[in-house]
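Below: the structure, in structure tokens.
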Amino acid sequence: MKKWMFILGLTLIVAAGCSEEPEEAVQEQKSEAPVQDEKPAAEPEKESKPSEDTEPSNQAKEEKEKEEGNESSKELTGNSDKKKESKNSSDGPYKTYRPKTGANKQFEEQGTVLLTETITAANDDYVQIALRLGDSTTTQIYKWTGSEMTLVYEDRELQDHTADLLDTFEPNMNEKLLGEGADWKLLDSSAAVETPYGKIENAVVIQKTSNEVVGEETIFTRYYAPGLGLVKEDFELTGENGYKGESSLSSVE
């Protein structure tokens, strides 16, 4: 009886030890297993950077706008230059001294009609004039703009001195009367001139000296008035056989 009691007690002790080991293992497993309810720590927010595709796109846009701005500026500058050039050509100081197209002007010397000047044609840059002195007629073409007045063509042998040559003539002269580098000297730009036609104000006076006669000087002085063109010309030959002469505007038709 005592023997069976001893065996039973030993069995219970062994069983108790076996039951404790699994509980400890379970507890260890529980402690090692991650807690399902806990939320993972939030990752730090990354700074937002523009994508590589966006940067080149913005740069291209800026460059395009810059190019368009430059083109616009060039265009405005070009237009401004053209306007300035046009203004200098049409509204300069010398174009106002052009005679009117179709005008027929007579010049007298000591009460006698010496010369007739007819304005046969004109455009933005040129004026064509027929000069009749006695039985001789000469056609002259002047480049007459705001910045210059230059004799560019002269012909005494034309069949018809009334024909418009402005679109077909070939320049055969280059004598600048007014403008930068002129062959004539500017004496006055606001002179008063007495003529048979009347007193003329604000005339431009120019002068040229030549040595056409050996040993003597020939001095030409011309007067141009606004809206009338040539209104007077003085002529002087120096030397022993020298003399003076003049022709002045007497009528305009």
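Looking at region 134-156, which of its residues are modelled with pLDDT of 95 or more and farther than 19 Å from residue 177 by Cβ? The answer is 136, 137, 156. If the condition is being surrounded by 15 or more Cβ atoms within 10 Å (Cβ to Cβ) and not charged (D, E, K, R), then region 236-253 contributes 237, 238, 247, 248, 249, 250, 252. Report yes if some residue within region 179-192 is out of contact with any Gly (no Cβ under 6 Å at 6 or more places or on another chain), touching a residue at least 40 places away in the same chain (Cβ under 8 Å) and either within 25 Å of residue 104 (Cβ to Cβ) or among the aliphatic types (A, V, I, L, M) (or both); otherwise report no. No, the conditions are met nowhere in region 179-192.
Filtered by the rule that a residue be among the aromatic types (Phe, Trp, Tyr) and either without any contact (Cβ under 8 Å) to a residue 12 or more places away in the chain or in contact with a helix residue (DSSP H, G or I) (Cβ under 9 Å, 6 or more places away or on another chain) (or both), region 200-253 gives 224, 243. Candidates are the residues of region 194-220 that are among the hydrophobic types (A, V, I, L, M, F, W, C) and out of contact with any Ser or Thr (no Cβ under 8 Å at 6 or more places or on another chain); the one that is least open to solvent (accessible area, probe 1.4 Å) is 200. Just so you know, in region 104-135 the residues that are assigned to a strand (DSSP E or B) and among the charged types (D, E, K, R) include one that is farthest from residue 92 (Cα to Cα), and it is 109. Does residue 189 fit the bill of being open to solvent by 30 Å² or more (accessible area, probe 1.4 Å) and either within 21 Å of residue 252 (Cα to Cα) or part of a loop (DSSP other than H, G, I, E, B) (or both)? Judged against the criteria, residue 189 is not a match. Scanning region 86-105 for any residue that is at pLDDT 95 or above, more than 39 Å from the chain's Cα centre (by Cα) and more than 15 Å from residue 230 (Cβ to Cβ) turns up nothing. Of all residues in region 131-147, which are in contact with a strand residue (DSSP E or B) (Cβ under 9 Å, 6 or more places away or on another chain) and open to solvent by 30 Å² or more (accessible area, probe 1.4 Å)? Scanning region 131-147 gives 131, 132, 133, 134, 137, 143, 147.
Hey, could you check region 148-180 for residues that are part of a strand (DSSP E or B) and open to solvent by 30 Å² or more (accessible area, probe 1.4 Å) and say which is farthest from residue 125 (Cα to Cα)? Among them, the one singled out is 155.
The values are calculated or read from the model by the stated rules, or taken from the named source; none is laboratory data. Small disclaimer: the values here were computed from a predicted structure and weren't measured. Because the Cβ atoms are built from the backbone with ideal geometry, glycine has one as well, and the counts that use them run over all protein chains shown. Keep in mind that these areas ignore ligands, DNA and RNA; they rest on the heavy atoms of the full protein, side chains included. Shrake-Rupley method; radii C 1.70, N 1.55, O 1.52, S 1.80 Å.
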